[in-house]
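These notes concern the structure reproduced below.
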Amino acid sequence: MENAKKITVLGATGSIGRQTLDVIRHSGGRLVCFAVCVDSNTDELNKIIKEFSPVYAGVADKEAAKSLRAENTGIIVGENAASEIAALDEADIVVNGISGFSGTAPLLEALDAGKTVALANKESIVCAGKFVNTVSTGKKGRIIPVDSEQSAIFQCLAAGRTEDVSRLILTASGGPFREYSVQQLETVTPEQALRHPTWNMGRKITVDSATLFNKGLEVMEASYLFDIPGDRIDVLIHPQSIVHSMVEYKDGCIMAQMSVPDMRLAIQYAINFPERTAGPVKRLELSAAGGLTFHKPDNERFPALELAYAALRENNALPIAYNGANEAAVGLFLKGEIGFTDIVRCVEYSMNCIDNMHIPEVSVIEDVYMIDRLSRNLVKSR
């Protein structure tokens, strides 16, 4: 199709990347895969190249790149491959589906190149929000959120003026352990934590959903994206994952975005914005959905949320420490080196250490990388 949107997919073999490619696959030619990038999974990348014939493909791992089979696709290799792919002139939309802090540099490069970024990487906003705003100022670069909660808020904000917003309400499934006691949580295994009851996601974000660290990151992300202070952002546990988030206006009206729990809807909305198009996702049948329940999170059993609000109030080094320490601790948990409840203990320890260092105002992007490294090292050396 002549006027098809050209889509770049970063993290193409991850959960968001695969679902983005499925949206492209079912777009009827309205969308084309212009470029893709992966870390090291060239087996899957070869399949993507064969099916979609992207103009460019990037691989961070130089050794893995040797097994690529591509005749008509330009190959970009090296640790900066994602950033180079993100800044390519011809793309219309860059989908940032890279997991974790690694998505920060590609986001900044895409915005600096004036791209619209469909952003699923909340960590980059939490750690480098002020630099995202600086890069975007005076340029055409913009962010349309892909996280289901942020996408829901973005859509609900269309119902009124920003100055009339009373509060944002993020929903959380509560993960697989929402009914567990403190004692039961101590014995949770990685295999149990990776079985999410409603969402199909990557390994790290699935663990984060179980600990509620994912929701803590989303509270900070929402504050940065929508310029709403943390004391006007609430979280409710909603096990059915039908209402993806809500916006309350000052007249008392609450707008909610509802759908089946399928990330392809948020991806499709971001890519096609401001249009809405039909896609591969089944419709929500409210008559068959059963009851919708909401309750407040238990901060005693799941203290990750309170740590997030504390980090947001400090709003300097602590959000970076919160994210970096959590990424390091989740990695140790998945290797079986620490327990499930040790994750939050590691993050709290790292945050306390960094807070006691009285780090000056984060003023350049190098400060972000320094604090990220420091927070991870504190966890690993604990």
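Here are the numbers for this structure:
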read-out	value
HN-Hα J in Hz across region 345-351 - Karplus 6.51, -1.76, 1.60, θ = phi - 60°, x for Gly and Pro	5, 5, 5, 4, 4, 4, 4
Shape call, region 1-98: gyration tensor on alpha carbons, a/c limit 1.5	prolate
Whichever aspartates and glutamates have a C-alpha closer than 15 Å to that of Lys50, once near sequence neighbours (fewer than 8 apart) are set aside	Asp22, Glu71
Residues of type aspartates and glutamates that Lys115 reaches as a straight line, Cα spacing below 14 Å, ignoring anything fewer than 8 places off in the same chain	Glu84, Asp89, Glu90, Asp92
Computed over region 235-303, Kirkwood Rh from alpha-carbon pairs, angstrom	14.3 Å
Estimated [θ] at 222 nm from DSSP helical runs (n ≥ 4, -39500 (n - 2.57)) normalised by residues in the chain, nearest 500	-13000 deg cm²/dmol
Filtered trypsin sites (Lys or Arg not before Pro), region 74-162: DSSP coil and at most 10 other beta carbons within 10 Å	Lys140, Arg161
Given the chain, longest segment not containing exposed loop GluC sites (Glu not before Pro) (DSSP; at most 11 other Cβ within 10 Å)	180-274
Ile16 accessible area, 1.4 Å probe, all protein chains in place, Å² to nearest 10	30 Å²
Cα-centred dipole magnitude for the chain, charges only on beta-carbon of K, R (+1) and D, E (-1), debye, nearest 20	720 debye
Most positive-pole-ward Cα, Leu284, Ser223, Cys353, against dipole of the chain from beta carbon charges	Leu284
Net length gained if the chain between Glu90 and Glu275 were fully extended (0.36 nm per residue, minus Cα distance)	64.5 nm
Point-to-point label distance, Lys50-Val260, nm (Cα→Cβ direction, 7 Å offset)	2.9 nm
Separation of alpha-carbon centers, region 84-129 and region 12-39, rounded to whole Å	15 Å
Gyration tensor verdict on the chain (Cα atoms; rounded if a/c is under 1.5, prolate if a/b is larger than b/c, oblate otherwise)	rounded
Accessible area of Lys5 in the full protein assembly, 1.4 Å probe (Å², nearest 10)	60 Å²
Which listed pairs, of Lys66/Lys122; Lys47/Lys335; Lys204/Lys282; Lys335/Lys380; Lys204/Lys380, have C-alpha distances above 21 Å, in listed order	Lys66/Lys122; Lys47/Lys335; Lys204/Lys282
Difference of contour (0.36 nm per residue) and Cα-Cα distance, Cys253 to Glu337	25.5 nm
For Gly202, distant residues with modelled amide H under 5 Å away	Ser15
Under the Debye formula (equal points on every Cα, no solvent term), log10 I(q)/I(0) of region 90-196 at q = 0.12, 0.18, 0.19 Å⁻¹	-0.58, -0.98, -1.03
The chain, relative contact order in percent, only Cα pairs under 8 angstrom and at least six apart counted	14 percent
Order of exposure, largest accessible area first, which applies to Arg376, Arg30 with probe 1.4 Å	Arg30, Arg376
Added length on full extension, which subtracts the Cα-Cα distance from 0.36 nm per residue, Arg283 to Gln184	32.0 nm
Cut-off under 5 Å, modelled amide H: who pairs with Ile76 long-range	Ala57, Gly58, Val59
Three principal axis lengths of region 150-265 [C-alpha, angstrom, descending]	46, 29, 22
Overall dimensions of region 226-382 by Cα: Rg and Dmax, Å	19.4, 55
Area accessible to solvent at Cys127, 1.4 Å probe radius, in Å²	10 Å²
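The values are calculated or read from the model by the stated rules, or taken from the named source; none is laboratory data. Keep in mind that this is a model prediction, so the values were computed, not measured. Here the Cβ is made from the backbone with ideal geometry for all residues, glycine too, and neighbour counts use every protein chain on show. The accessibility values were calculated without ligands, DNA or RNA, using every heavy atom of the protein model including side chains. Shrake-Rupley method; radii C 1.70, N 1.55, O 1.52, S 1.80 Å.
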